[in-house]
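Each reported figure results from applying straightforward, stated rules to the coordinates on display, with no laboratory input. Please read all numbers here as calculations on a predicted model, not as lab measurements. Here the Cβ is made from the backbone with ideal geometry for all residues, glycine too, and neighbour counts use every protein chain on show.
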Amino acid sequence: MSDVVVPEIHVSGSEAFPGDAAARIAEEIRGVIETRGQVRLGLAGGSTPEPVYVELASSTGIDWTLVDFFWGDERHVGPEDPQSNYQMAQRAFGGPFRAGRVFRIDGALPADDAANNYAAALGEQPLDLLLLGMGRDGHTASLFPNDDSGSMPGSDDTEGRVVVTRSPEPPLTRISLSLETLNAARLVMFLIVGANKAARLAEVFDQIVSEHPSLPAARIQPKSGRLLWLLDTEAASGLDVASARATPRTQKDKPER
Ligand code: 6PG
């Protein structure tokens, strides 16, 4: 697979990570608004992004009325549920959320209905900027290892854009963008922190560089978009970042052999 997208890596200290990641995301948002007039932003769920969103919400130079908020996935729970990715983003963003247009995955509906409605709201246009996390098992969005639902098109009415998947951890039912839709994004940024992700991240990178991606996070290979990995030093501790052609910044940071 000679067209494997080789990852671009940016590593920050754990303390600096939320601010560094928010600054990079804000820069991309401003750039998209400048060139396209508005931005379709796909948010990641889980815990890693929350402090990043808090920092991002106070970025300067972003007209949040030009931001369309989408999600890469949602748990099959209502919007008030503390496990909801929508709930986390609403809490973290505050004002910018109220200014922008929010396209929530309605986890309170039956899962198939939520998926169909979200596919219709998402439409055919790719996301301009998609934020993703990675679980310790190598899942991303709600595409889990050994669960092919994310790589096969969903039922006809979602045209493969949105799938209902099963998580090994509760909430067991999830609604997720399909692998095909995730890979249609113009720019994908992974946000990954913590020593407990280091070994799995090294495995993901091995799969990418050896061109044998099998874990969902390794199968994020944007069709024509860019792929950036925003890591903290703990999550990156298992990587030989040079082999993934890291940015010069991380080359300089690479510990002397
Ligand atoms: C979710 C996310 C999921 C998350 C990873 C990492 O709904 O939980 O979409 O893919 O990004 O599980 O989660 P943490 O950031 O909490 O480690």
Percentage relative contact order, the chain, counting C-alpha pairs under 8 Å, at least six apart: 24 percent
Only Lys, Arg (+1) and Asp, Glu (-1) charged, at Cβ; the chain dipole about Cα centre in debye: 520 debye
Normalised contact order of region 37-81, rounded percent, pairs of Cα under 8 Å and 6 or more residues apart: 63 percent
Order of Lys197, Lys223 - criterion: other Cβ atoms within 10 Å of each residue's Cβ, fewest first: Lys223, Lys197
Region 12-94: relative contact order in percent, alpha carbon pairs under 8 Å with at least 6 residues between: 33 percent
Prolate/oblate/rounded call for region 55-207, Cα gyration tensor, a/c under 1.5 rounded: rounded
Options Leu143, Gly61, Ser214, ranked by Cα towards positive dipole end of the chain, top entry (Cβ charges): Gly61
Solution diffusion estimate, µm²/s, Stokes-Einstein, the chain, Kirkwood Rh from C-alpha pairs, 25 °C, viscosity 0.890 mPa s: 135 µm²/s
Mean-position separation - Cα centroids, region 98-125 and region 6-67, in angstrom: 22 Å
Neighbourhood charge, 14 Å Cβ-Cβ cut-off, centred on Asp137 and excluding it, Lys, Arg +1 and Asp, Glu -1: +3
Share, in percent, of DSSP beta bridges within the chain that are antiparallel, nearest 5: 30 percent
